[in-house]
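A short worksheet on the structure shown next.
The values are calculated or read from the model by the stated rules, or taken from the named source; none is laboratory data. Predicted model, so just to flag it, every value in this text is computed and none were measured. Using ideal geometry, Cβ is built from the backbone for each residue, glycine included, and neighbour counts are taken over all protein chains shown.
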Amino acid sequence: MITFFFILSFIYFCFVLFFILGIFRLSKKNNNEIQDISVIIAARNEEKYLPELLKILRNQNYPTKNYEVIVVDDRSEDSTSQIVKDFQKSFPNLKLVKIDKESAELFGKKNAVNSAIIQAEFEILAFTDADCLPSQNWLKSINSYFTDEVDFLAGFSPLTQKNKFISMLKNLERASIFAITAGGFGWNWGVTCTGRNMIYRKSIFEKVNGFAGIGHLKSGDDDLLLQKMSKYIRKMNFMFSQDSIVKSFDKDYPTEHIDLETRRASKWKYYPIPIKILTSFFFFYYLVVALSFVMVILGDISILQFVELSLIKIVPEFLLLITFLTKIKQIKIIQTFPLAEILYIPYFIYFALKGTLGTYKWKE
């Protein structure tokens, strides 16, 4: 049994090392020519956050003639549309698209995103959410990383919360996901991404017939679309500059966070086979780690053996996070690593099961 545990740990070590090497393989080329960019925001009842985002986008350190911002009011019941109209007076490159009815083919946010893409004038499409706060140099950073051969680009999106320690703990978990994103991109493998800081070419979206095949799902306008696009993408890249980071407000209530994590995990059944195998292995391996802890208590394996197994897991994870956090200059987050190591396995197992077998509530 212990030999089997060590074999699994070694395989896990190799997987994590694969993503570390992928980060170092990412392109460092910079584009110096100004490109045209369409920024797309799907908004549903976002009067609380939208004004701050629009202020930032209006004041981007980027030529006004070279970008447009499209806000899609997706069946809002608040003043979302009026806010956009008020901003249009001082923001000539701001457009409003209104959706009044749910689409039978494209569920939820996908319909809003698709409607905006149809209206978009430019080839490069940049996406963020209404409750996000990019820097004033966000578009400048996108332009720099989006070289001629790049078709898909992503960047870090941390959560902002009043409690600094909880914020660091959550963002360490997010950093682990973004590290996998970046590491996969280094091998031109689109494992996952988030729509809060995501950029791709309109021509690639059209090439895969948009959301066809995944339009009936509540989620997946980001990672499932990336996985669908992957075989047509010439090159993926990840932005590490401070200006590329897009902050996002954390959920106000624990139930919202639970629904969010459940929604994220619910997409597993729709992932391509290679990503299913990878995530299934992670799930099985974490179960084994939990089992080994129980076996220590029962005296079936020694404490020394458990420590050796744990080090094979912890060391590469620490190196992956240190590599990623150093590149995005967020190294302070690593302070929560010891606690995160204790909490993450039950957290991952719980939401993996809940997302696959359970239900959740989301914006309808």
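Each row is one residue, and each column tells you yes or no for (1) more than 19 Å from L133 (Cβ to Cβ); (2) touching a Cys at 6+ places or on another chain (Cβ under 8 Å); (3) free of Cβ contacts under 8 Å to residues at least 12 places away in the same chain.
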site	(1), (2), (3)
I7	yes, no, yes
V16	yes, no, no
Q35	yes, no, no
S38	yes, no, no
P63	yes, no, no
N66	yes, no, no
V69	no, no, no
V84	no, no, no
S90	yes, no, no
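Output the number of the condition that T359 fails; it satisfies all remaining conditions of (1) outside any helix (DSSP H, G or I); (2) modelled with pLDDT of 85 or more; (3) not hydrophobic (A, V, I, L, M, F, W, C).
Status for T359: all satisfied but (2).
Does any residue in region 291-302 that is touching a residue at least 24 places away in the same chain (Cβ under 8 Å) come within less than 7 Å, Cβ to Cβ, of a residue that is of a type outside the set (V, I, T) six or more places away or on a different chain, and which pairs are these?
Partner pairs satisfying both residue conditions: S292/F5; S292/F306; S292/L309; I301/S292; I301/M295.
Residue by residue, here is whether (1) in contact with a helix residue (DSSP H, G or I) (Cβ under 7 Å, 6 or more places away or on another chain); (2) modelled with pLDDT of 95 or more holds:
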| position | (1), (2) |
| --- | --- |
| K55 | no, yes |
| T64 | no, yes |
| F91 | yes, yes |
| K101 | no, no |
| V113 | no, yes |
| A126 | yes, yes |
| L133 | yes, yes |
| N137 | yes, yes |
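Starting from residues that are aliphatic (A, V, I, L, M) and closer than 14 Å to S248 by Cβ, keep the ones in region 155-184 and report whichever is farthest from the chain's Cα centre (by Cα).
Checked region 155-184; the qualifying residue farthest from the chain's Cα centre (by Cα) is L159.
What number goes with the only condition from (1) surrounded by 15 or more Cβ atoms within 10 Å (Cβ to Cβ); (2) in contact with a helix residue (DSSP H, G or I) (Cβ under 6 Å, 6 or more places away or on another chain) that M295 does not pass?
Result: M295 fails condition (2) only.
Residue under question is S115, and the condition is that it be polar (S, T, N, Q), assigned to a loop (DSSP other than H, G, I, E, B), under 25 Å from the mean Cα position of the chain (by Cα) and crowded, with 18+ Cβ neighbours inside 10 Å; does it hold?
For S115, the condition - polar (S, T, N, Q), assigned to a loop (DSSP other than H, G, I, E, B), under 25 Å from the mean Cα position of the chain (by Cα) and crowded, with 18+ Cβ neighbours inside 10 Å - is not met.
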